[in-house]
Amino acid sequence: MNVLVTGGAGYIGSACVQELIEQNHTVTVFDNLSEGHRAAVHPAANFVEGCLNQAEQSKDVVGRAAPEVVIHFAASALVEESMKVPGKYFGNNVANGLNLLNACVQAQVRKIVFSSTCATYGIPDRIPISEDTPQQPINPYGESKLIFEKMLRWFHEIHGLQYVAFRYFNACGATDRFGEHHRIETHLIPNVLKVALKQQTSCKIFGTDYPTTDGTCVRDYIHIKDLATAHILASQSNLNGCYNLGTGKGYSVREVIAACELLTGAKIAVEEHDRRPGDPPKLVAAPSQAINALNWHPEFIAIERIVDTAWQWHKAHPNGYPH
Ligand code: UDP
């Protein structure tokens, strides 16, 4: 396949590009490097630096690459930030995404595969979360992704653009080349590993009074290699629709920290803080629809294995990417 990957210099995008290249596909990465890193672009991919806020440039880039499939990762993706600057989220995730959709129609792209999120569900009325759970986001991040899902449905109906939207649970882990390096790190696992690397003295637990077994939030941690595999299977399929991508297993914040302690042999000091705005207590996927429709089988289920891949990457790249 000839594939254009927006956000291919980012955390999940870089892992997906690696998998595409290893499966001998042709890849163009389109990324503005605001969150991504030039060094995270696989050397065998074509790279175009640019931003989807430029409608004409976006049409030009998609037209020149002439991909059969576009995989759309480029987005803003922090719940807490979205509660402070919602305009950034509706701008990047909705308005810029619309520029991409228009470019796809003009270039007669066959299919778009989109990074959606379990944050579209808000506080679900049942766990595990299946795709027919009502979508009632409780933060602008989730709302912006839900709006884009709805746009996809109409572009499919009216223009025939095929789409698969994947509602990710918590992306984590690393490949042998690419891992997690955010300029401002807010995510749980990299922050815990920074303590193990002695780059910070403690990590924070946001909320210890949730209605969960140990009072901390429960999340479904899905490895970026498993996410990458699902995107490629979806690209090769004629499916249309929205699918959860998770393992179906939930771990609390304290359980993740304990797994990191065990694996690294380091004592992880914690600071208990108030809840973080916009965080639901428990998000665990029912992943059977993706498993059945795509014949997708997540390889990394146990948190220890997932954290181990992240730990190997952070030890090898203690300062992340050079640029
Ligand atoms: N969390 C935490 N301390 C941190 C970062 C995150 O306790 O330093 C919690 C957060 O409140 C959430 C879970 O860990 O319940 C996963 O958060 P993360 O930011 O990794 O991913 P998100 O769920 O926001 O996509």
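Observations on the structure shown:
- Any chance Phe206 is out of contact with any strand residue (DSSP E or B) (no Cβ under 6 Å at 6 or more places or on another chain) and of a type in the set (Phe, Trp, Tyr): no
- Checked across the range 73-89, the condition of being over 24 Å from Thr117 (Cβ atoms), at pLDDT 95 or above, in contact with a strand residue (DSSP E or B) (Cβ under 6 Å, 6 or more places away or on another chain) and surrounded by 20 or more Cβ atoms within 10 Å (Cβ to Cβ) holds for no residue.
- Filtered residue count, the range 309-323, keeping only those that are of a type outside the set (S, T, N, Q) and either buried (at least 19 other Cβ atoms within 10 Å of the Cβ) or within 16 Å of the ligand (Cβ to nearest atom) (or both): 4
- Tally, over the range 272-288, of residues that are of a type in the set (A, V, I, L, M), part of a loop (DSSP other than H, G, I, E, B) and surrounded by 20 or more Cβ atoms within 10 Å (Cβ to Cβ): 1
- Members of the range 69-107 that are more than 19 Å from Asn139 (Cβ to Cβ) and either within 16 Å of the ligand (Cβ to nearest atom) or among the hydroxyl-bearing types (Ser, Thr, Tyr) (or both): Phe73
- Filtered residue count, the range 30-43, keeping only those that are free of Cβ contacts under 8 Å to residues at least 40 places away in the same chain and out of contact with any Asp or Glu (no Cβ under 9 Å at 6 or more places or on another chain): 3
- Qualifying positions in the range 289-308 - touching a residue at least 60 places away in the same chain (Cβ under 8 Å), open to solvent by 30 Å² or more (accessible area, probe 1.4 Å) and out of contact with any Asp or Glu (no Cβ under 9 Å at 6 or more places or on another chain): Asn295
- Any hit, the range 42-54, residues being touching a His at 6+ places or on another chain (Cβ under 9 Å) and within 17 Å of Phe178 (Cβ to Cβ): no
- Residue count for the range 1-26, restricted to those that are crowded, with 24+ Cβ neighbours inside 10 Å, under 23 Å from Gln108 (Cα atoms) and in contact (Cβ under 8 Å) with a residue 60 or more places away in the chain: 9.
- Qualifying residues in the range 158-178 (those that are open to solvent by less than 30 Å² (accessible area, probe 1.4 Å) and among the β-branched types (Val, Ile, Thr)) - the one nearest to the ligand (Cβ to nearest atom): Thr175
- Among residues of the range 179-209 being within 12 Å of the ligand (Cβ to nearest atom) and among the polar types (S, T, N, Q), the one that is surrounded by the fewest Cβ atoms within 10 Å (Cβ to Cβ) is Ser202.
- Of the residues Phe114, Phe155, the single one that is over 17 Å from Ala285 (Cα atoms) and buried (at least 24 other Cβ atoms within 10 Å of the Cβ) is Phe114.
- As for the range 246-254, it holds no residue that is of a type in the set (D, E, K, R), modelled with pLDDT under 95 and surrounded by 15 or more Cβ atoms within 10 Å (Cβ to Cβ).
- Condition met for Thr264 (β-branched (Val, Ile, Thr) and open to solvent by 20 Å² or more (accessible area, probe 1.4 Å)): yes
- Looking only at residues of the range 210-235 that are part of a loop (DSSP other than H, G, I, E, B) and more than 13 Å from the chain's Cα centre (by Cα), we find that the one that is surrounded by the fewest Cβ atoms within 10 Å (Cβ to Cβ) is Pro211.
The values are calculated or read from the model by the stated rules, or taken from the named source; none is laboratory data. If you're wondering where the values come from, they're calculated on a predicted model, not measured in any experiment. Ideal geometry is used to build each Cβ from the backbone, glycine not excepted, and the neighbour counts take in all protein chains shown. The area values use the complete protein model at the heavy-atom level, side chains included, leaving out ligands, DNA and RNA. Shrake-Rupley method; radii C 1.70, N 1.55, O 1.52, S 1.80 Å.
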